[in-house]
Amino acid sequence: MRGPLEIGDRLLVIFDGHCGLCNRSVRWFLARDRRDRLRFAPYESPKVAGVLARHGIGALEPVVGPSTVLVVLDLGSPAERLLIRSDGVLTILRELPGPWPAVATVLGWVPRAVRDLGYRLIARWRHRIWGRLESCPLPTTEERGRFL
């Protein structure tokens, strides 16, 4: 049984819509997702509130919240899972065409604690380096169907 967010077997990538790095990353993923495996939604979207609530995450949750990417697998099914930080990024890379699955495999050999430390350092500096947007950029007409 699927919920109101119908995305089939695609991954749902939840990101900070006000973060310059996050928005650039989403554009990068869109350009490479030639197999149409990803769907995107900003934290700020009311459409993902139920997904976040199911996993005990408030929109401004300090531990996870907008400071990390969230990847939802098997959305709306009993097997629904939530991946965060580097695990989420590696899962996204595995869905892209080559060479990105190989890159994800190599990065997967790095212990999660080390990967997540690097992720947290980037997350801490992301607004200073890439800026903070006043509002979420609108997707192009071609991209609109890939956002919730």
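Defining a contact as two alpha carbons under 8 Å apart and six or more residues distant in sequence, what relative contact order in percent does segment 71-119 show?
29
Multiplying the residue separation of residue 81 and residue 6 by 0.36 nm and removing their Cα-Cα distance gives an extension gain of 25.4 nm.
Read the figures in this text as sums done on the coordinates, not as results from a lab. What you are looking at is a predicted structure, and each value in this text was computed from that prediction instead of being measured.
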